[in-house]
1. Quick one: net charge of residue 268's neighbours, Cβ under 12 Å, K/R +1, D/E -1?
2. How much length, in nm to one decimal, is gained on full extension between residue 162 and residue 177, taken as 0.36 nm per residue of separation minus their Cα-Cα distance?
3. Which order results if 173, 294 are arranged by neighbouring Cβ count within 10 Å, fewest first?
4. Each label point is 7 Å from the Cα along the Cα-to-Cβ direction; what then is the distance between the points at residue 313 and residue 273, in nm?
5. What is the projected area of the convex hull of the Cα atoms of the range 166-295, averaged over all directions, in nm²?
6. Considering Cα pairs under 8 angstrom that are at least six residues apart, work out the relative contact order of the range 213-353 and quote it in whole percent.
7. Net charge near residue 137, counting Lys/Arg +1 and Asp/Glu -1 over other residues with Cβ under 11 Å of its Cβ?
8. Within 10 Å, count the other beta carbons around each residue, average over each peptide in 277-289, 326-338, and list them highest first.
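A short reminder: the numbers here are calculations on the coordinates, not readings from a lab. It should be emphasised that the depicted structure is a prediction, and the values quoted were computed from it without experimental measurement. Here the Cβ is made from the backbone with ideal geometry for all residues, glycine too, and neighbour counts use every protein chain on show.
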Amino acid sequence: MYKQLLAKLIIAIVCFYGFGDYSYAGDELNCVLCHKFRGLSRIDKDGKFRLFYINQELFDSGPHRRNKCKDCHTDINKIPHDPAKKVDCTQECHMVEPSSTEKFSHKSVAKVLSKSVHSPVDKNGKEKKFKEDYPGCKDCHDQPFYRPFSIYKGQLKAGVSKRGISRCKSCHTRGDFAEDFYEHVTTRLRKSRFPMETIEACAKCHQDKAFQERHDLDDVVTTYKQTFHGKMIALGSERTPDCLDCHVVEGENTHLIEAQDVPTSAVYKTNVQATCRTEECHSKASAKLAGFQTHVTYDREKYPLQFYMLVGFKALMAFVLYFFLLLIFLELLRRLFPGFSFFKEKNNNSGDN
């Protein structure tokens, strides 16, 4: 009886607060009626905390704002619904891909990702060791980063070009299609993330010590931040290359990141110079510049030359430092005790008359 009363009370509260704001009822099943509440959560069967709150403003500014909930959550057909299945990003969407008559799908992206170093299966189709460590779509695309820009009279700036939109709206007059299409296109013409955001996204895995040990990897994030590139990005530069600029071959799909020992990789020993010599970076880079080792750690087994150079440099610095400290100390003694001498002079005139 108490459970029934509690259920009715919850439904009454949801209806009272939910139906009062029709701006959240933008989908056919009225999903946001419940999911707009920040406290909507539960503990799943594995004991993990699950939050089901949807930030409507964030969703409306993201790439999926023209999609309905059921386009991705195809297994939900009733309210209240059973626990939703994991969304498959490769399934076909209701939208038609503009350059063809086929329904839109991320299958092409998944195909490219399967060839990259981040794929949980190898080139023979076998599962790799520690397959749970390899990222899925949501591990990298955790937030919609949209930074549209406008160009007018040669001036590049962030934001939506009203003049550009007005030209689009001469034909596309219905709804917000012109704004949506304009933002979608212009965000692809520049980095959708700030370089520091890209580095932090990679750091979620690559700066984890346990992850490094499992896959026998160096701490590439820390070593990158110690370089000139890393320091420039820390100071706010957006023109400095981040992880994707160096690890993706120019003109290739961003998802195709290959291991360093793969001949077609952007960071393979014979391809590094071409990677550095892009128009956006060092267009006149020589082979010597491209030979710079970015992610070198001072591990004695992996990099013995760098390790002993560091030890020698530290020893040299310590010798120079302590040598000058000794000179300063002796000079201080001389000033405090001007008559002091370690060796006293012999008086040879003691026997003369």
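1. -1
2. On the way: separation 15, 0.36 × 15 = 5.40 nm, distance 1.41 nm.
Answer, rounded to one decimal: 4.0 nm.
3. By the 10 Å Cβ count, ascending, the order reads 173, 294.
4. Result: 2.6 nm between the two label points.
5. Across all orientations, the range 166-295 yields a mean hull projection of 10.7 nm².
6. Across the range 213-353, relative contact order equals 15 percent.
7. Spelling it out: positives minus negatives among the neighbours equals -1.
8. 277-289, 326-338
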